[in-house]
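Notes follow once the structure below has been shown.
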Amino acid sequence: QVHLVESGGGLVQPGGSLRLSCAASGSIFNLNAMSWYRQAPGKQRELVATISRGGRGNYADSVNGRATISRDNAKNTVYLQMNFLKVEDTAVYYCNNDLANWPWGQGTQVTVSS
């Protein structure tokens, strides 16, 4: 069973940057496209970005141009670099495969506030 551990969140001012990390246990990481999701208070979880096995990223309109998803298959880790953060980026951020059918991790809280 895959175990996901997200990290890197925190409190940042609008316009700031954060780099989120997600470490996955298990040998099947390399076989899957990976995604970052987020859930803001009172809202449903939404897809933020997806990276293919080959490293091509796709982004939600809300973060396109401000986010970069990447992966290190040797480390079973996927990253999300977020720049020019906005208050509306405040959420708990999670990673999962692109089908979101692995057990969810605890997520990492990102709070954007002045």
Problem set entry | Solvent-accessible area per residue, Å², over the chain with all protein chains present [probe radius 1.4 Å] | 52
Exercise. Taking θ as phi - 60°, what are the ³J(HN,Hα) couplings along segment 68-82 by the Karplus curve (6.51, -1.76, 1.60), each to the nearest whole Hz, with x for Gly and Pro?
Worked result: 9, 9, 8, 9, 10, 5, 5, 9, 6, 10, 10, 10, 9, 8, 10
Problem set entry | Longest site-free stretch - the chain; sites: trypsin sites (Lys or Arg not before Pro), DSSP loop, at most 10 other Cβ within 10 Å | 57-114
Exercise. Got a number for carbon plus sulfur as a percent of the chain's accessible area, 1.4 Å probe?
Worked result: 48
Exercise. GNM, the chain, Cα, under 10 Å: largest mean-square fluctuation among Asp61, Asp72, Asp98?
Worked result: Asp61
Problem set entry | Whole-Hz couplings from phi, Karplus 6.51/-1.76/1.60, listed for segment 50-66; x for Gly and Pro | 9, 10, 6, 4, x, x, 8, x, 10, 10, 5, 4, 5, 10, 4, x, 10
Exercise. Based on the Kirkwood radius over alpha-carbon pairs, what is the Stokes-Einstein translational diffusion coefficient of the chain at 20 °C with 1.002 mPa s viscosity, in µm²/s?
Worked result: 155
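The values are calculated or read from the model by the stated rules, or taken from the named source; none is laboratory data. Computed from a predicted structure; not experimentally measured. Glycine also receives a Cβ, built like all others from the backbone with ideal geometry; neighbour counts cover every protein chain displayed. To get the accessible areas, we keep the full protein, side chains included, count just its heavy atoms, and leave off ligands, DNA and RNA. Shrake-Rupley method; radii C 1.70, N 1.55, O 1.52, S 1.80 Å.
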